[in-house]
1. If you go through the stretch 50-73 one residue at a time, how many are in a loop (DSSP other than H, G, I, E, B) and under 21 Å from the mean Cα position of the chain (by Cα)?
2. In the stretch 141-191, what residues are closer than 19 Å to ASP212 by Cβ, assigned to a strand (DSSP E or B), of a type in the set (A, V, I, L, M) and within 16 Å of the ligand (Cβ to nearest atom)?
3. Cβ contacts < 6 Å: first residue charged (D, E, K, R), restricted to the stretch 36-52; second residue more than 8 Å from the ligand (Cβ to nearest atom), any location; separation 6+ or different chain. Result?
4. Is it the case, given these coordinates, that THR263 is touching a Pro at 6+ places or on another chain (Cβ under 9 Å), over 18 Å from LEU203 (Cα atoms) and at pLDDT below 90?
5. Scan the stretch 94-121 for residues that are among the hydroxyl-bearing types (Ser, Thr, Tyr) and within 15 Å of the ligand (Cβ to nearest atom) and report the count.
6. Quick test of your reading of the structure: ALA67 fulfils all but one of (1) over 30 Å from PRO223 (Cβ atoms); (2) within 16 Å of the ligand (Cβ to nearest atom); (3) surrounded by fewer than 17 Cβ atoms within 10 Å (Cβ to Cβ). Name the failing condition by number.
7. Output the residues belonging to the stretch 350-384 that are at pLDDT 95 or above and either β-branched (Val, Ile, Thr) or within 27 Å of MET252 (Cα to Cα) (or both).
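The values are calculated or read from the model by the stated rules, or taken from the named source; none is laboratory data. Computed from a predicted model, the values in this text were never measured in an experiment. Glycine also receives a Cβ, built like all others from the backbone with ideal geometry; neighbour counts cover every protein chain displayed.
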Amino acid sequence: MKIDSLIGKFVRRVNRQHICFPEAAGGTRLPSPNPDRRYLLYLHVPYCVVLCPFCSFHRVKFNKDRAQQYFRALRREIELVTDAGYKFDELYVGGGTPTVLPDELLRTIGLLRELHSIRGISVETNPDDLDNGRLPELREAGVKRLSVGVQSFDDELLREMQRFEKYGSGSQIRSRLRRAMGIFDTLNVDMIFNFPHQTEASLRRDLDILVDEVGVDQVSFYPLMSVNSTRKMMLRTVGRVDDSRERKMYEMIARRMLSAGYTRSSAWCFSRRPGMLDEYIVERDEYLGLGSGSFSYLQGSMYASTFSINHYLRVVEADRTGTVRRRDMTERDQMRYYLLVQLFGGSLDQAAAEARFDGRFQRTMWPELAALRIIGAMRDSGGVLTLSESGYYLWVLLMREFLTGVNSLRDQMRHNIARETALLPVH
Ligand code: SF4
């Protein structure tokens, strides 16, 4: 266990140096698109009916008028980047709760499909929205993957998470999931493991429900993460996170899912059939994010949109996108990110990596690659690097630390809300 905590500390230190948006970052406009490229579009819908205490995403309490105004701005922002030449072939709508206003969501998807040839659409939702009678319309609108935030079926844990009253008991959620099965190509369930009061028996019951009772298409098991903005609230509600239990719980999950015939789509995502849509950052090298609180990764730079919804509405009204921060990554950081994301998906094609970095990948990354081989985290098979069984947990740990870094970035962006709210858009 000691090695896990050492690796965690090391990645946290690297994150502090590399995952940040400097105050005077060079420019805030999105770059011109590559005309030969089709991009993945991420849309962020920050509204939620309940604000869960462990959640560090950009989310705010639902208000119907404000959310309608927000969706209108989102559609305008789509038109702006389309006019700028961006072409999209895939859409991921996350939040928040994107299905909080189904009519607005359907209009937004409709606009995007009018403007672009979209081949895959993935939408996040919460268990109560499975009962709103709108799932067939979402399917009809082209949604292929619906991802439901369940977190756990354990009523005690759901109460601690303050989700029980709004999103229902474990048994209500199970019934809703069973009814939703078969509507979409992929019904994904998001779960969290390593809650402080989660026992192994409780996790085992969750696994039995997912595999034996619901027979869900895909499950993503995220380790519980905490950041500064959520730490106090989490202590008061779900308790103190103990990372030392994480490996054992992950191994339990992996054993159960693999023995039930699921395959890994990523280190923590298990699918019944290969080739199902999964985390967009694994599948796409570059993506564009729109909406308040979204991030983009384009041409070696990270971009962040304002977390101030007021500022976002005003800049979009003035025909600008909500992008307010940019960080240029060194080539080495881009390669590290590439390695992290590709191996999170299970494998890295060496020829593709060389093509992506003009033949400099192995030459630059040899210390990292050698270290991974020496500790037995990775195997080499015919030009493809794949994670070993022990490498998978290492990758859960690395990805957890990376996402914790991204969550800290969200904290950093939240600090700018008051100032950005006071700013007028620049024409
Ligand atoms: S966990 Fe989901 S429902 Fe809860 S606040 Fe976060 S985004 Fe909203």
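1. Qualifying residue count, the stretch 50-73: 11.
2. Those that are closer than 19 Å to ASP212 by Cβ, assigned to a strand (DSSP E or B), of a type in the set (A, V, I, L, M) and within 16 Å of the ligand (Cβ to nearest atom): VAL148, VAL150, VAL189, MET191.
3. Matching pairs, first to second residue: ARG38/LYS87; ARG38/ASP89.
4. No.
5. Kept after step one, since they are among the hydroxyl-bearing types (Ser, Thr, Tyr), are these residues of the stretch 94-121: 97, 99, 108, 117.
Checking the rest, the ones that are also within 15 Å of the ligand (Cβ to nearest atom) come to 97, 99.
The qualifying residues number 2.
6. Of (1) over 30 Å from PRO223 (Cβ atoms); (2) within 16 Å of the ligand (Cβ to nearest atom); (3) surrounded by fewer than 17 Cβ atoms within 10 Å (Cβ to Cβ), only one is false for ALA67: (3).
7. Result: THR364, VAL384.
To keep it simple, each residue is scored yes or no on (1) touching a strand residue (DSSP E or B) at 6+ places or on another chain (Cβ under 9 Å); (2) surrounded by fewer than 20 Cβ atoms within 10 Å (Cβ to Cβ); (3) charged (D, E, K, R); (4) in contact (Cβ under 8 Å) with a residue 60 or more places away in the chain.
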| site | (1), (2), (3), (4) |
| --- | --- |
| ILE374 | no, yes, no, no |
| THR386 | yes, yes, no, no |
| LEU398 | no, no, no, yes |
| VAL406 | yes, yes, no, yes |
| MET413 | yes, no, no, yes |
